[in-house]
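The values are calculated or read from the model by the stated rules, or taken from the named source; none is laboratory data. On a predicted model such as this, the values are computed, not experimentally measured, just so you know. Reconstructed Cβ throughout: ideal geometry from the backbone, glycine too, with neighbour counts over all protein chains shown.
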Amino acid sequence: NLGTVGAVALDRKGNVAYATSTGGIINKMVGRVGDTPCIGSGGYADNDIGAISTTGHGESILKVNLARLTLFHIEQGKTLEEAADLSLGYMKSRLKGLGGLILVSKTGDWVVKWTSASMPWAAAKDGKLHSGIDLDETTVTDLP
Ligand code: ASP
């Protein structure tokens, strides 16, 4: 019932897309609508920038519009890594909110970042599968 799954993709025509699904957080109020279904918070996609899916403390993610905020930083010229650090760092310093994100840019570059304890993730590009769970632990294997 809990746990979040997010995905982002870029197709060969240059279209980006995201999807985010969650069961919410522990002890959530009955009827709570979290960040996940809210465009700009649980995710965002724009062919001119990229696509992003987010996870973490929904009330914080909603307040900072984490997905759109991250893409805004890219629009302003930040690298994907810088944009992810800036938006997650802002959410942490402003609200003590922890979370994570996966992002693919319109050029096919990608980044995975989180401030929570760990976040299982995987990325496929150019015949390679990258994956990890904990900080500074990335495995790269050939895709079949
Ligand atoms: N963001 C989700 C929520 O607050 C939970 C999660 O991503 O783990 O509902």
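Return only the number of the condition from (1) more than 15 Å from the ligand (Cβ to nearest atom); (2) part of a loop (DSSP other than H, G, I, E, B); (3) among the β-branched types (Val, Ile, Thr) that VAL30 does not satisfy. Of everything listed in (1) more than 15 Å from the ligand (Cβ to nearest atom); (2) part of a loop (DSSP other than H, G, I, E, B); (3) among the β-branched types (Val, Ile, Thr), VAL30 misses just condition (1). Of all residues in the range 1-8, at least one satisfies being within 20 Å of ALA124 (Cα to Cα), more than 13 Å from the ligand (Cβ to nearest atom) and either without any contact (Cβ under 8 Å) to a residue 24 or more places away in the chain or within 14 Å of the chain's Cα centre (by Cα) (or both).
Kindly establish whether SER60 is touching a helix residue (DSSP H, G or I) at 6+ places or on another chain (Cβ under 6 Å), at pLDDT 95 or above, not in a strand (DSSP E or B) and not hydrophobic (A, V, I, L, M, F, W, C). Considered against the rule, which asks whether it is touching a helix residue (DSSP H, G or I) at 6+ places or on another chain (Cβ under 6 Å), at pLDDT 95 or above, not in a strand (DSSP E or B) and not hydrophobic (A, V, I, L, M, F, W, C), SER60 comes out as yes. Residues in the range 38-55 include none that are more than 15 Å from GLY6 (Cβ to Cβ) and within 15 Å of the ligand (Cβ to nearest atom). Just one of (1) aliphatic (A, V, I, L, M); (2) in a loop (DSSP other than H, G, I, E, B); (3) within 26 Å of LYS128 (Cα to Cα) fails for LEU2. It is (3). Only one of (1) surrounded by fewer than 15 Cβ atoms within 10 Å (Cβ to Cβ); (2) part of a loop (DSSP other than H, G, I, E, B); (3) within 15 Å of the chain's Cα centre (by Cα) is not met by ASP136, so which one is it? Failing condition for ASP136: (3).
Selection over the range 19-59 of residues that are closer than 24 Å to SER131 by Cα and touching a residue at least 40 places away in the same chain (Cβ under 8 Å) gives a count of 9.
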